[in-house]
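Trainee: Below: one structure in structure tokens.
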Amino acid sequence: MSATPPVALTIAGSDSGGGAGLQADLRTFTVCGVHGCVAVTAVTVQNSVGVSGFVEIPPSVVADQIRAVATDIGVGAAKTGMLASAPIISAVAAACDEVRIGHDGDAPFVVDPVAASMHGDQLLADEALDALRGELFPRATLVTPNLDEVRLLVGIDVRSREQQYEAARALHALGPAWVLVKGGHLRAEPECLDLLYDGSEFTELTSKRVDTPHTHGGGDSLASAITSQLAQGAPVADAVRFGKRYIEQAVEHAYPLGAGTGPVSPFWRVRAP
Ligand code: PLP
């Protein structure tokens, strides 16, 4: 018998193609040494070419999954992915309060504000942005928007480093303890610059830009790698640095799959490439 590993919970949608969503989260948790639990929010019909539809799980069932995991197994840290609708977001916020997941609670909470897939398929209802900003951001230990999500959430179309700083301040004003503004989509920059901000100090985290079309599940995997470290008690800045190194490798080892966009890969951590 082995010792029980730390536990992380993902509150996320299923990707039938196995590239992103809860499948990417669980893979990442495993290779980062934590046991993964899941509260499923939606089931997408998806392959490497795109999302052709999804059904939402009833909000009360999403909340019950969170309660079932937290009250028996316990949650070291949690993250969100696709939340689909405002009623699901409200149910997640209430359940997380109840079981003390959140930056004022016992378990750190990473909110990845997933709004659309990289192919542009909408994964969050328009009216759900208010719930994300008003109900989930104030409870978050860390939020991890990409630049498309920044535009939707705070209306800043980031084209420069100065605007990335401005966006970090605007997002922090919504209540999370830490903000990570991911600049990977700023293609004019030679490196990927992610900006970390805790309300007083900015940290610029750079990584090399890898030339690959296969980055499906990249955002989910980064947030999961960060969450895996928070579940093991790491400070936020250390967890984010680990996540950056992890995702850099995962993008470098991404593989083609189907006719469209392949996923970032965790296999380098479990076998020689
Ligand atoms: N499908 C699901 C279920 C997701 O949770 C996500 C992202 O979080 C995606 C698709 C989109 O992933 P990508 O932006 O890599 O296409």
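The values are calculated or read from the model by the stated rules, or taken from the named source; none is laboratory data. Note that the structure is a prediction, hence the values are computed from the model and not measured. Here Cβ is always computed from backbone atoms with ideal geometry, including for glycine, and neighbour counts include all displayed protein chains. The accessibility values were calculated without ligands, DNA or RNA, using every heavy atom of the protein model including side chains. Shrake-Rupley method; radii C 1.70, N 1.55, O 1.52, S 1.80 Å.
Trainee: Just reorder Ile73, Ile88 by solvent-accessible area, largest first, 1.4 Å probe, all chains present.
Mentor: If we order Ile73, Ile88 from most to least accessible, we get Ile73, Ile88.
Trainee: Please report, largest first and rounded to whole Å, the three semi-axes of the ellipsoid equivalent to segment 144-273, where each semi-axis is the square root of five times an eigenvalue of the C-alpha gyration tensor.
Mentor: 25, 18, 12
Trainee: While we're here: Just to be sure I follow: if Rg is taken over the C-alpha atoms of segment 3-60 and Rh is the Kirkwood radius over the same atoms, what is Rg/Rh?
Mentor: 1.04
Trainee: Could you report the chain's accessible area per residue, 1.4 Å probe, as an integer in Å²? Intermediate results must be reported in sequence, preceding the final value.
Mentor: Numbers: 11290 Å² over 273 residues.
Value returned for the chain: 41 Å² of accessible area per residue.
Trainee: Report, to the nearest whole %, how much of the accessible area of the chain belongs to carbon and sulfur atoms, 1.4 Å probe, protein only.
Mentor: Accessible surface attributable to carbon and sulfur in the chain totals 52 percent.
Trainee: Treating only the Cβ atoms of Lys and Arg (+1) and Asp and Glu (-1) as charged, compute the dipole magnitude of the chain about its Cα centre; round to the nearest 20 debye.
Mentor: Value, rounded to 20: 680 debye.
Trainee: Which values of log₁₀ I(q)/I(0), to two decimal places, follow from the Debye formula for the chain at q = 0.07, 0.11, 0.12, 0.15 Å⁻¹ with a uniform point scatterer at every Cα?
Mentor: Relative scattering, expressed as log10 I(q)/I(0), comes to -0.21, -0.54, -0.65, -1.08.
Trainee: If packing is taken as the average count of other Cβ atoms within 10 Å, what order do 9-19, 193-203, 25-35, 114-124 fall into, highest mean first? Please list the in-between numbers first.
Mentor: Numbers: 9-19: 25.9, 193-203: 15.5, 25-35: 22.4, 114-124: 17.9.
For the peptides 9-19, 193-203, 25-35, 114-124, the packing ranking is 9-19, 25-35, 114-124, 193-203.
Trainee: Report Rg (one decimal) and Dmax (nearest whole number) for segment 85-148, counting Cα atoms only, units Å.
Mentor: 12.0, 36
Trainee: Something else: For segment 53-103, what is the largest minus smallest coordinate of the Cα atoms on each principal axis, given in angstrom and ordered from greatest to least?
Mentor: 32, 21, 16
Trainee: Rg over Rh of segment 1-154, using C-alpha atoms and the Kirkwood radius, what does it come to? Please list the in-between numbers first.
Mentor: On the way: Rg = 14.7 Å, Rh = 15.5 Å.
Over the Cα atoms of segment 1-154, Rg/Rh equals 0.95.
Trainee: Shifting gears a bit: Averaging over every viewing direction, what projected area does the convex hull of the Cα atoms of segment 114-171 cover, in nm²?
Mentor: Numbers: hull surface 16.6 nm².
Averaged projected hull area, Cα only: 4.1 nm².
Trainee: Express in % the proportion of alpha carbon pairs of segment 68-222 at distances exceeding 23 Å.
Mentor: 36 percent
Trainee: Now a separate question. When N counts the residues of segment 171-215, how does its alpha-carbon radius of gyration compare numerically with 2.2 N^0.38 Å, as a ratio?
Mentor: So the Cα radius of gyration is 1.33 times the expected 2.2 N^0.38 Å.
Trainee: Under the rule a/c < 1.5 gives rounded, and otherwise a/b versus b/c splits prolate from oblate, where does segment 189-246 land using the Cα gyration tensor? Let's see the in-between values first.
Mentor: Details: a/c = 2.55, a/b = 1.27, b/c = 2.01.
It is oblate, given that a/c is not under 1.5 and a/b is not larger than b/c.
Trainee: Accessible surface of Arg241 in the full protein assembly, 1.4 angstrom probe, to the nearest 10 Å²?
Mentor: Here the accessible area works out near 100 Å².
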